[in-house]
Each structure stands twice: as C-alpha cells, then as structure tokens.
Amino acid sequence: MGRGKSAHFDRWVLWVKHMGRRTRAVIREKTDYTRFLLDLQGQGLPSSPKPTPVVPSKPKISFSPYRQRIMSDETVKYLYSKSSGVFHDKSCPEALKIPDEELCCSKEYLTEIPQCPLCAIKAYVRLGAKDLYNFHRYERLFDRMRFDPALIRQMYIQKGLKTFAGSNGLTIWGKEDSWRLEFREDSDKTRLMHNNYHPLPDGTRVFTKGYHVQVDPVTPQYALSVIAEYTYEAHKAAMLRREQEVQERLRRLSAAQMPAPSEMLPTEQRKTHKTWAKVTLFIEKFKTWLREVFLK
Ligand SMILES: [Zn+2]
C-alpha cells in the first residue's frame, strides 16, 4: 500500500513540474507577443531604451591624398608654407589655406620661422604638454595665472619644460625635479611647491612622496626661472657657500669683540675673564635700560 501511494505521489510531482514549465512557457510567449504588438504600434515597452538622437555630423573637409597622409601622421605636429614663412600648429585653420605644392610639415618646433599668432598657444602646448587632450584646461589656467603668450613660449620653447594640467594648477618637470605651480586657497595668486626628497650620505638623494613649499607667494615668471635653473648639485653648492659665509661672518664678529679669547688664557685668568665678561654685559644692559627709561 505504502509503495503504491508513494508511486502515485511521484507521478503527481512530475505532472506539477511539467505543468509549471508549460505555464512559464505560455507567460513568456504572452510577454513576447505584447512586445511585438506594441512594436507594431510604434510604442515599444516603457523599459525599452530610447533611440539616440541623430546629430548632424560636421561637413568633412576633403583632403588630397598628400595632405591626408600628413594630417593622419601623429608624429607630425606643425605645418608651414615654403613661401609664406609662417609656422602653424597642425590644427590651425590658417594652415588649410596653404596649397599642397607649398605645404611643408615638421615633427619639431622650428624656432627660426615666425609663429602664427592665431595658433601660438596650441603650438607651444603641443610641444611641452604631456596631456594635450587637456588643452581647454590649460587655456583656463593660463588665463587665471596671467600667463601671456610670450611667457608660455618661454616655458615650453626656450626652457624646454614639460607640464601636466590639474584642476588647481600645473605640474611642471624641470631638469631633474618636478614642481607644482598652484593656486593659494581659492585665490588667483600662486605658490611654488617642490618635490620632496631625502639626502643620502653619498651626496645623492632619493625622491619621496609629496611636495613642500618652495616660494609663497610667487609670480609665474619667477617660478619658471627657479624651475629651469634648479639642479641638486647647484643647490648643494649654494648651501655650502652660504654656510661658509655665515661661519666667516661669525668668526670676524667674535674676533672684533674679543681681542684675547679666554680659551688662550691660563685657567685662573680664564675664570676672571669670564666673570669680567658677565659684569661688562650686566653694565651694558643696565645702561640700555637707563637710556630707555630716562631718554624717552
Ligand atoms: Zn596658425
């Protein structure tokens, strides 16, 4: 009896599973049908993604194969004309006016050809920026920091500095070090930060994380001259010279004040000398006090 009941129960379970699968299939069919109907009516399901609007594309400029080859070469940065003698950034609209037979290209910045004023900043930034894609950020930073085109040219062309544009200033790479020319607390004034380093006993150094204040506040002109001239060897030599000067000044001062240094006297005389020095100092202080009180 028990086994018969169990077999009946198993059949019943199989039937329920079978009907369940059929029911789900019917629901799926219904859903698919609804979508189909709505699609026919041009409505679609509420959850269906909206079609992206068609943006009219800019009319493409058709280049000759020669110009096309130049424009698609990523190593080419600048264009100029054989006859006009003006140097352009690759993106300059003025360069489009140069006829093919006059068109020359360059991977380097050629300082002997006069720069076109229209594309000057782009041409300078293209040479020294590690992030040309941030060009609009550069324009905003230069404007706020009051860099004029001459200073931007000096930074990239003459001093050969490299940069990266951040939201609060520029990271600038000089000969060996990296620097930050950044805004001081929500103002348009700038300060110069220098990368941290740790001096080693052999006279070299190792760079560590972060920056320390070098000059605050600073003008962009002065900051660029500091960055372009700085080397660690020159810095160490300057520090040594300054220390020697201070030592020399102290030596002269003590020689003028103490014609007979107490260290050169015998022990008894040295004690007396120290006592007299204290008494003299006390008298000098007392005289100063008297002058302050009575000569006001
Ligand atoms: Zn130009």
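With a requirement of 2 or more residues that are under 16 Å from residue 233 (Cβ atoms), the strands (runs of 3 or more DSSP E) lying completely within region 175-222 that satisfy it span 190-199, 205-218.
Looking for something of a type in the set (S, T, N, Q), at pLDDT 95 or above and touching a strand residue (DSSP E or B) at 6+ places or on another chain (Cβ under 8 Å) - is there at least one such residue anywhere in region 87-98? Taking every residue of region 87-98 in turn, none turns out to be of a type in the set (S, T, N, Q), at pLDDT 95 or above and touching a strand residue (DSSP E or B) at 6+ places or on another chain (Cβ under 8 Å). All conditions in (1) within 13 Å of the ligand (Cβ to nearest atom); (2) without any contact (Cβ under 8 Å) to a residue 40 or more places away in the chain; (3) within 21 Å of residue 152 (Cα to Cα) hold for residue 126, with the sole exception of (2). Filtering region 81-123 down to residues that are surrounded by fewer than 11 Cβ atoms within 10 Å (Cβ to Cβ) and part of a helix (DSSP H, G or I), which residue is farthest from the ligand (Cβ to nearest atom)? Among residues in region 81-123 that are surrounded by fewer than 11 Cβ atoms within 10 Å (Cβ to Cβ) and part of a helix (DSSP H, G or I), the one farthest from the ligand (Cβ to nearest atom) is 101.
Of the residues 135, 164, the single one that is at negative phi, more than 16 Å from the ligand (Cβ to nearest atom), surrounded by 13 or more Cβ atoms within 10 Å (Cβ to Cβ) and assigned by TED's automatic domain parsing to the domain that holds residue 218 is 164. When 150, 129 are checked against the criterion of being small (Gly, Ala, Ser) and either modelled with pLDDT under 95 or exposed (fewer than 14 other Cβ atoms within 10 Å of the Cβ) (or both), a single residue qualifies: 150. Taking first residues from region 90-116 that are on the phi > 0 side of the Ramachandran plot and partners that are outside any loop (DSSP other than H, G, I, E, B) and β-branched (Val, Ile, Thr), no Cβ contact under 8 Å between residues at least 6 apart in sequence or on separate chains turns up.
The values are calculated or read from the model by the stated rules, or taken from the named source; none is laboratory data. Keep in mind it's a predicted model, so treat the numbers as computed, not measured. Cβ sites come from the backbone with ideal geometry, for glycine too, and all protein chains shown count toward neighbours.
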